[in-house]
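Read through the structure below, which is laid out as structure tokens, and then see the notes.
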Amino acid sequence: MQKYIQEFEQIKNLIQRSQNIAIISHKGPDGDTIGSNLALKNALSSMGKNATSFAHDPIPLHSIFLKGADEFRTEFNPQEFDMVIAVDCGASYMMKYEFTHPYLINIDHHPSNDFFGLINVVDPQMAATVAIIYFLLEYLGGQITPEIATCLMNGLYSDTGSFRHSNTNSLTLKIASNLVAKGADYNRIVKNQFHSNRVEQLKLWGRVLSRARLNDKAAAVSAVTEKDFDELNANAEDLSGVIDYLNTIPESKFCVLLAEDGNGNIKGSFRTQDEKIDLTQIAGLFGGGGHKKAAGFTIPGKLEQEVVWKIKK
Ligand code: 5GP
Ligand code: MN
């Protein structure tokens, strides 16, 4: 990609000078941050580098089949590495590791990214961070093996919501087509990400959907508490995907899903189909960020249900 040739050249030089390379995914990892991480790890390993993947939180089940997913580490010591690459982290706090490193590279596609790296490749035009990694790997000249193509496709599939969201454009589909040509296991990705829901997960979705209501600001709102997770033997990962259904109500301007996280925090997720709404602004009010059409935040607190009673004559 012409627009970040300079950054790609700097990254290439740094990689050549490095032996031990850390790659960090964001907290509460999704298919894009895991796919980006592992595509890079596998490519760097084949170049003879010692590449290690890090994620503060557990790897979601839908991405566990990717090559190298079982080798993620949680304990991160920056001094062990010559360079550190953050992938899909919209802000440095999204890594969940507090550290300084002279050679921190930031590769991301969130418009609210705060350019926390020494080198920053941040392109909000890209549907997923894996798309940038795809161009980087092409620039580095290594081979995109079927395993690497599968990692990249996993991110594209995840961040476009199975190629349903508005970030699915000609370039997204062109990259997807190239990845399938390179041997990406598309069917396996679909099965893992879309056609694979635990019964506990479906029950949790049932609660989310049955509580959905439109408030006076035309926002579709729903919520789940720690109690719901406990009763249904479900976890935060099980929420993944349900918000896309909240985001289908024609009269709503945007939707919000609130969830207690078991550590005294509330995680908020926003989605919209409305061109005029910028959710990075709304999530920003709560200290979060993300994309125009998908954003989130985490704040300390608990959820309290408000029941409104009216007298009917
Ligand atoms: P989700 O609602 O799926 O957790 O997140 C939607 C999008 O917003 C993702 O791209 C995610 O990386 C981003 N996001 C979620 N929470 C935060 C946050 O607290 N800060 C920032 N900067 N981005 C967030
Ligand atoms: Mn992403």
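Couple of notes before you dig in:
- Of the beta bridges in the chain, as assigned by DSSP with both residues counted there, near 40 percent are antiparallel.
- The Cβ shell under 13 Å around residue 139 holds other residues with a net charge of -1, Lys and Arg each +1, Asp and Glu each -1.
- Maximal additional length on extending the residue 162-residue 312 stretch stands at 49.5 nm, based on 0.36 nm per residue less the C-alpha distance.
- GNM on the chain, alpha-carbon springs under 10 angstrom: the most fluctuating residue among 289, 141, 28 is 141.
- Total lysine pairs whose alpha carbons fall under 29 Å of each other in the stretch 242-313 (8 or more apart, or interchain): 16
- Projecting the Cα positions of 223, 13, 36 onto the charge dipole of the chain (unit charges on Cβ atoms of Lys, Arg, Asp and Glu, taken about the Cα centre) puts 223 furthest along the positive direction.
- Applied to the stretch 171-188, the Karplus parametrisation 6.51 cos²θ - 1.76 cosθ + 1.60 on θ = phi - 60° returns per-residue 3J(HN,Hα) values of 5, 4, 6, 5, 4, 4, 4, 4, 5, 5, 4, 8, x, 4, 8, 4, 4, 5 Hz, with x for Gly and Pro.
- What you get for the chain, charging only the Cβ of Lys and Arg (+1) and of Asp and Glu (-1), is a dipole of about 860 debye around the Cα centre.
- Value of relative contact order over the chain, rounded to a whole percent, pairs C-alpha under 8 Å and six or more apart: 13 percent
- Across the stretch 109-228, the relative contact order, built from alpha-carbon pairs under 8 Å that are at least six residues apart, equals 19 percent.
- Across the accessible surface of the stretch 2-194, with the other protein chains kept in place and a 1.4 Å probe, carbon and sulfur atoms take up 48 percent.
- For the stretch 207-247, the list of trypsin sites (Lys or Arg not before Pro) that fall in a loop by DSSP and count at most 11 other C-beta atoms within 10 angstrom reads 217.
- Rg/Rh ratio calculated on Cα atoms of the chain (Kirkwood radius): 0.98
- Couplings 3J(HN,Hα) of the stretch 43-60, computed from phi: 5, 5, 4, 6, 8, x, 8, 9, 9, 10, 8, 10, 8, 5, 10, x, 6, x Hz, in residue order, whole Hz [Karplus 6.51 cos²θ - 1.76 cosθ + 1.60, θ = phi - 60°; x for Gly and Pro].
- Only Lys, Arg (+1) and Asp, Glu (-1) charged, at Cβ; the stretch 199-312 dipole about Cα centre in debye: 480 debye
- At most 15 other Cβ within 10 Å, DSSP loop - GluC sites (Glu not before Pro), the stretch 212-261: 251
- Phi-derived couplings, Karplus 6.51 cos²θ - 1.76 cosθ + 1.60 at θ = phi - 60°, listed residue by residue for the stretch 9-17: 5, 4, 5, 4, 4, 5, 4, 4, 7 Hz, with x used for Gly and Pro.
- Potential extension, residue 75-residue 12 segment - 0.36 nm per residue separation minus Cα distance: 20.0 nm
- Residue of 186, 93, 134 that the Gaussian network model of the chain assigns the largest fluctuation, springs spanning Cα pairs under 10 Å: 93
- Residue of 31, 117, 183 that the Gaussian network model of the chain assigns the largest fluctuation, springs spanning Cα pairs under 10 Å: 183
- Using the Cβ-Cβ distance between residue 3 and residue 265 with R0 set to 45 Å, the FRET efficiency works out to roughly 0.75.
- For residue 254, the residues whose amide H sits under 5 Å from its own are 220, ignoring neighbours fewer than 5 places away on the same chain, with H placed 1.01 Å from N.
- Projecting the Cα positions of 245, 194, 265 onto the charge dipole of the stretch 193-268 (unit charges on Cβ atoms of Lys, Arg, Asp and Glu, taken about the Cα centre) puts 245 furthest along the positive direction.
- Probing with 1.4 Å while keeping every protein chain in the model, the per residue accessible area of the chain equals 50 Å².
The values are calculated or read from the model by the stated rules, or taken from the named source; none is laboratory data. The structure presented is a predicted model; accordingly, all values stated were derived computationally and were not measured. Every residue, glycine among them, receives a Cβ derived from its backbone with ideal geometry; neighbour counts consider all protein chains shown. Ligands, DNA and RNA are excluded from the accessible area calculation, which covers all protein heavy atoms including side chains. Shrake-Rupley method; radii C 1.70, N 1.55, O 1.52, S 1.80 Å.
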